[in-house]
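Inspection log for the structure reproduced underneath, given as structure tokens.
The values are calculated or read from the model by the stated rules, or taken from the named source; none is laboratory data. These numbers come from a predicted model, not from an experiment. Here the Cβ positions follow ideal geometry from the backbone for every residue, glycine too, while neighbour counts run over all protein chains shown. Quick note on the areas: whole protein, heavy atoms, side chains included, nothing else; ligands and nucleic acids left out. Shrake-Rupley method; radii C 1.70, N 1.55, O 1.52, S 1.80 Å.
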Amino acid sequence: MKQDLDLMRRVYQRELAEKHLADPVDASRQTFTLSDRENNPLVADITLPLFIARGVKGHLTSTVSTTEMTIDDIVESAREFAEAMEQVDAQRPALVEEISELRKYLNKRVRSLRAKGLRVSGEIGIGAIPTNEASDVWPVVTLHFPGEDLRPGSFSFVPEGRGDIAAQLDDLTDVVTTRSELLDGLDKINAVGLVHPIVHDALGKCEGGTAPALAEIFRDPDHLQRVTDEQENNLILYWEEGILTGTIPISEGTRFVKGAIHFDAMPCSASEIQRGASLGSIIVLPCLAEADARIFYASGEKGERGYVSFTVEPMLFNSEGNLV
């Protein structure tokens with residue numbers, strides 16, 4: 001496939017020359033990239049870097065079959081990219097002007113929010129452009145801010161004007177303010193996140209121990225992750241309101257699920273369980289021995305499926321996965 005991409009690049013360069021197009025960067029340094037699709041092994045994506053102006057970039061993209069490509073297929077794909085580049089080039093002056101105006105407004109609003117302590121930034125580009133849609137290119141605004149798990153998150157949209165940018169920033173202000181304040185508090189004590197005590201205990205049974213496992217999970221951008229401990233138990237981990245929680249097997253017929261203990265057979269009826277009582281009155285978990293775990297709600301009849309939700313203080317950890 002590498003030879004196919006090299007041939008495609010050479011045909012693309014020839015087509016650009018014939019169209020007398022001058023790319024902002026040397027076309028000879030541009031290369032096509034092939035990416036397989038996990039959900040469809042018969043199709044792959046080909047992308048080509050695209051530069052509109054200084055600081056404004058994106059990429060052209062098209063799909064190809066992963067079966068053997070013929071010379072005609074390669075030539076046709078290269079011409080498709082060259083034609084798309086020609087269409088984009090025709091829009092370049094108007095795009096640059098529009099992006100410049102939107103960028104000035106975006107930067108002004110972001111500076112104002114950051115001055116108030118909000119952790120938010122933004123940029124304007126053109127994102128991914130399918131070759132068959134290159135005749136209609138729009139600026140794309142990407143806002144960066146703390147996500148639900150307090151790690152870097154982002155949101156992209158195509159604005160029709162300044163009003164759309166203002167509306168999106170206004171919608172984010174409250175949640176970003178709260179998350180920024182939480183991160184400021186974590187910074188003061190050299191912490192990066194919070195973890196539920198039961199999850200922290202479960203990670204201690206993974207190869208390497210708790211700290212390395214927790215640090216690796218935090219570095220991974222995926223919201224949901226699956227980990228297997230040394231006993232081959234599957235731990236499903238995810239973030240909820242900035243806290244690493246998950247679904248953890250405790251014993252046969254008993255499991256922890258995001259703030260609650262689920263029973264295949266309840267040890268007693270929910271009507272017998274008092275809200276605010278110690279969780280230890282229902283189930284004894286060594287990892288919560290020193291924690292003030294209090295029952296919040298219970299559901300289910302004795303001997304039947306049910307659950308007991310509870311509150312407990314999460315644990316703070318630093319970038320190395322050690323508790324703070």
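A few comments on the model shown:
- Test for Ala53: is it aliphatic (A, V, I, L, M), out of contact with any Gly (no Cβ under 8 Å at 6 or more places or on another chain), open to solvent by 50 Å² or more (accessible area, probe 1.4 Å) and farther than 22 Å from Arg10 by Cα: no
A quick yes/no check of all residues on (1) in a helix (DSSP H, G or I); (2) open to solvent by less than 80 Å² (accessible area, probe 1.4 Å); (3) closer than 16 Å to Gln168 by Cβ:
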{"site": "Glu83", "(1), (2), (3)": "yes, no, no"}
{"site": "Arg92", "(1), (2), (3)": "yes, yes, no"}
{"site": "Val96", "(1), (2), (3)": "yes, yes, no"}
{"site": "Glu101", "(1), (2), (3)": "yes, no, no"}
{"site": "Lys104", "(1), (2), (3)": "yes, no, no"}
{"site": "Gly122", "(1), (2), (3)": "no, yes, yes"}
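- Here is the figure for the stretch 150-175: residues that are in a loop (DSSP other than H, G, I, E, B) and under 14 Å from Pro139 (Cα atoms) total 4.
- Pairs where the first residue, in the stretch 136-160, is surrounded by 15 or more Cβ atoms within 10 Å (Cβ to Cβ) and the second is basic (Lys, Arg), C-beta under 7 Å, 6+ apart: Phe145/Arg119; Pro146/Arg119; Pro146/Arg179; Leu150/Arg179
- Within this structure, Ala94 fails the test of being under 24 Å from Thr31 (Cβ atoms) and small (Gly, Ala, Ser).
- Within the stretch 127-135, one or more residues are hydrophobic (A, V, I, L, M, F, W, C), assigned to a loop (DSSP other than H, G, I, E, B) and buried (at least 18 other Cβ atoms within 10 Å of the Cβ).
- Here is the figure for the stretch 226-244: residues that are in contact (Cβ under 8 Å) with a residue 40 or more places away in the chain and either open to solvent by 10 Å² or more (accessible area, probe 1.4 Å) or farther than 17 Å from Leu194 by Cα (or both) total 3.
- Scope the stretch 163-207; condition exposed (fewer than 13 other Cβ atoms within 10 Å of the Cβ) and farther than 29 Å from Gly122 by Cα; matching residues: Glu207
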